[in-house]
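All of the numbers you see were taken from the coordinates with simple rules; none came from a lab. Source: prediction; values computed, not measured. Neighbour counts run over all protein chains shown; Cβ positions are idealised from the backbone, glycine included.
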Amino acid sequence: MDITELAGRLAQGDRRALARAITLVESGRPDHRAAAAALLDALGGGRQALRIGLSGTPGVGKSSFIEAFGTMLTGQGLKVAVLAVDPSSSRSGGSILGDKTRMERLSRDPLAFIRPSPSQTHLGGVARRTREAAALCEAAGFDVVLIETVGVGQSETLVAEMADLFILLLAPAGGDELQGVKRGIMEMADLILVNKADGELKSAARRTCADYAGALRLMRKRARDPEGFPKAMCVSAMEEEGLEAAWDEMQVLVEWRRLHGHFDRRRAEQARHWFEEEVQQGLLARLTADPAARARMAELGRAVEEGSATPAKAAEAMLAALAGRAED
Ligand SMILES: Nc1nc2c(ncn2[C@@H]2O[C@H](COP(=O)(O)OP(=O)(O)OP(=O)(O)O)[C@@H](O)[C@H]2O)c(=O)[nH]1
Ligand SMILES: [Mg+2]
């Protein structure tokens, strides 16, 4: 299928076209990369979905939450896409699919589209694929794109960089201590949801929620937030409690940001960030894929080892060589 036809079908919301297009952006083959770039270009960036990043440590209830929250949204007639960034290669390809039992309703829902993380180890590659897949879902007419990631390491930052809203999912803590959530991650959150606020865990969830609400109030105010945000709230994915309240808060926040120009500005900044990221990745790829560049790199490396060139001088020569090739 040619790119124009694929773009046309995708824009009509054809799910098979969307699945094919995502497969295309997942491919690392240079000809596929070129086709993917042409496809994204043909689709333009006209349609917007709300991109929601969701992070949380294993077992906190991300899959259960997405199942319940996603089903609530499709119940309102909204089209929901679910993507995942999974940095651990061992689980790749299985993280969402293996969760079919936890997302049983959503995976059968005609208004929902679920796509597992590709089996790629390189986090940068997964990030690009997810960002491009999110753009494809937007073009295909989805209203909400949920991007899930396991809360370990760098992946939250990547997801926050491609989302309009970033949600941190937590479980009720035993004591009154904060759950060792890194400050940097808290600073990215727009909403903290304490899940499992049901049954015996309910009072612990309320305490945890109060602790985090207090911690959030102590943080530096961000220009992109109205009064009272970021917020901490209790939810139960299992009992489907608090989901509508959480959705209401998300909408309040998004409306305010749209009204004050923060929404579009953030998207613009993100686009710029990904452009720079893409150039850097491209340079690195060139460094490893191009035999001439590799040879020059090895040669300069030896010179540095032998002491006949300083690291700074050799690096300068290497970068000049790469820049020269870029102009070819
Ligand atoms: N009580 C209670 N249990 C929940 C709730 N949500 C999820 N669980 C349970 O918590 C466990 C983990 O839920 P998942 O949805 O698989 O969690 P996850 O964050 O997707 O886990 P990973 O995919 O391993 O990272 C399961 O046994 C769920 O039944 C909830 O709202 N209340
Ligand atoms: Mg899961």
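How large is the translational diffusion coefficient of the chain in µm² per second when you combine the Kirkwood radius over alpha carbon pairs with Stokes-Einstein at 10 °C and 1.306 mPa s? Don't jump to the answer; show the numbers that get you there.
Values: Rh = 21.5 Å.
Roughly 74 µm²/s, to the nearest whole number.
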As a percent rounded to 5, the proportion of antiparallel DSSP bridges among beta bridges in the chain is 5
Straight-line reach from K221: which lysines have Cα under 18 Å away, leaving out those fewer than 8 places along the same chain? K182, K231
Can you give the net charge of the other residues whose Cβ lies under 10 Å from the Cβ of R131, counting K and R as +1 and D and E as -1? -1
Which one of A160, G242, V279 is farthest out on the positive end of the charge dipole of segment 150-305, using unit charges on Cβ (Lys, Arg +1; Asp, Glu -1) and the Cα centre as origin? V279
Once segment 182-324 is represented by equal point scatterers at the alpha-carbon sites, with solvent omitted, what log10 I(q)/I(0) does the Debye formula produce at q = 0.12, 0.16, 0.17, 0.19 Å⁻¹? -0.71, -0.88, -0.95, -1.12
Would you work out which of A17, A36, G53 lies farthest towards the positive end of the dipole of segment 1-78? Charges go on Cβ: Lys and Arg +1, Asp and Glu -1. G53
Nearest 10 degrees, 0 to 90: helix 202-217 Cα axis against the chain principal axis: 50
Run down the aspartates and glutamates and flag those whose C-alpha is under 17 Å from the C-alpha of K196, throwing out any fewer than 8 positions away in its chain. E67, D176, D211, E239, E240, E241, E244
I'd like to know which of G261, A171, L146 lies farthest towards the positive end of the charge dipole of segment 145-263, counting +1 on Cβ of Lys and Arg and -1 on Cβ of Asp and Glu. G261
Cα-derived Rg to Rh of segment 214-261, Kirkwood definition: 1.04
Select from A19, A134, A289 the residue whose mean-square fluctuation is largest in a Gaussian network model of the chain (Cα-Cα springs shorter than 10 Å). A289
Any idea what the relative contact order of the chain is, in percent, if you count C-alpha pairs under 8 Å spaced at least 6 apart? 17
With springs only between Cα atoms under 10 Å, which of G242, G301, G214 fluctuates most in a Gaussian network model of the chain? G301
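If you put +1 on each Lys and Arg Cβ and -1 on each Asp and Glu Cβ, how big is the dipole of segment 263-328 around its Cα centre, in Debye rounded to 20? Provide the component values of the computation, followed by the final result.
Values: 10 positive and 12 negative charges, 27 e Å.
The calculation lands at about 140 debye.
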Treating the beta-carbon of each Lys and Arg as +1 and of each Asp and Glu as -1, no other charges, what is the dipole magnitude of the chain about its Cα centre, to the nearest 20 debye? 140
Using only the alpha-carbon atoms, how far is helix 291-306 inclined from the longest principal axis of the chain? Give it as 0 to 90 degrees, nearest 10. 80
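In deg cm²/dmol, rounded to 500, what helix-only [θ] at 222 nm does the chain give when every DSSP H run of at least 4 residues adds -39500 (n - 2.57) and the total is split over its residues? Don't skip to the end; give the middle numbers.
Working: 13 runs with 176 residues, N = 328.
Counting only the DSSP helices, I get -17000 deg cm²/dmol.
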